[in-house]
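Let me begin by presenting the structure, written as structure tokens, before commenting on it.
The values are calculated or read from the model by the stated rules, or taken from the named source; none is laboratory data. Keep in mind that what you see is a predicted model, and the values were worked out from it rather than measured. Using ideal geometry, Cβ is built from the backbone for each residue, glycine included, and neighbour counts are taken over all protein chains shown. Just so you know, the surface numbers come from the protein's heavy atoms only, side chains and all, with ligands and any DNA or RNA stripped out. Shrake-Rupley method; radii C 1.70, N 1.55, O 1.52, S 1.80 Å.
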Amino acid sequence: MKSAAVAALSVVGAVAVAGVGYGAYQAVTPQQSGYAKVVDVEPIVRTWQEPREVCQQVNVERKKPVKDQHRVTGSVVGAVIGGVVGHQFGGGSGKDAATAGGAIAGGVAGNQIQKGMQEKNTYTTTEQRCNTVMEDKSRTEGYDVTYTFNDSEETIRMDKKPGERLRIEDGDVVVQ
């Protein structure tokens, strides 16, 4: 009977030692599954510029078309008035010279007056003006996620933004 008791005690002792050994192994061997705490999430953003056409209505001032491009009307009217005024001065051949000088001066003055009037003869219209501007665009292409598990800090790149924790199975992050 002694040998049966010794055998039983030996088995119990072996199981106890194995249990203590397994417990110690579990204590020093890190967990392979569980949840990791997310400590930082950095978005990976790609930026670029795209051209875009911008159009707007603009008021534009234009000159009206000129009918008398050489300003003949102003020159003739000015010459006639200048000749009449010049004719009032002098006598004899001096009167003829004053008339001719008045006509020449009046023609030049009439020409310049008509030029000024033509330049001020304008109208306002609305035109569409377009130009190209560069527009900033961006897109989040993923996330660099830093997490802690078993007192170790790791970083992984993910397509989607995670929550506050990550599922770990067999030492790997489970991407859902």
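Filtering the stretch 166-176 to residues that are touching a residue at least 12 places away in the same chain (Cβ under 8 Å), part of a loop (DSSP other than H, G, I, E, B), more than 36 Å from the chain's Cα centre (by Cα) and surrounded by 10 or more Cβ atoms within 10 Å (Cβ to Cβ) leaves only G171.
Which of the residues that make up the stretch 78-88 are in contact (Cβ under 8 Å) with a residue 12 or more places away in the chain and surrounded by fewer than 18 Cβ atoms within 10 Å (Cβ to Cβ)?
Scanning the stretch 78-88 gives V80, I81, V84, V85, H87.
For G142, the requirement of being without any contact (Cβ under 8 Å) to a residue 40 or more places away in the chain and not in a loop (DSSP other than H, G, I, E, B) is not met.
Residues in the stretch 114-165 that are open to solvent by 90 Å² or more (accessible area, probe 1.4 Å) and under 30 Å from E50 (Cα atoms): Q128, R129, T132, M134, D136, R139, E141, R157, D159, K160, K161.
The numbered conditions (1) among the aliphatic types (A, V, I, L, M); (2) without any contact (Cβ under 8 Å) to a residue 12 or more places away in the chain; (3) open to solvent by 90 Å² or more (accessible area, probe 1.4 Å) are all true for A97 except (3). Which residue out of K67, K95, K37, K115 is closer than 30 Å to R157 by Cα and either basic (K, R) or assigned to a helix (DSSP H, G or I) (or both)? When all the criteria are applied, what remains is K37.
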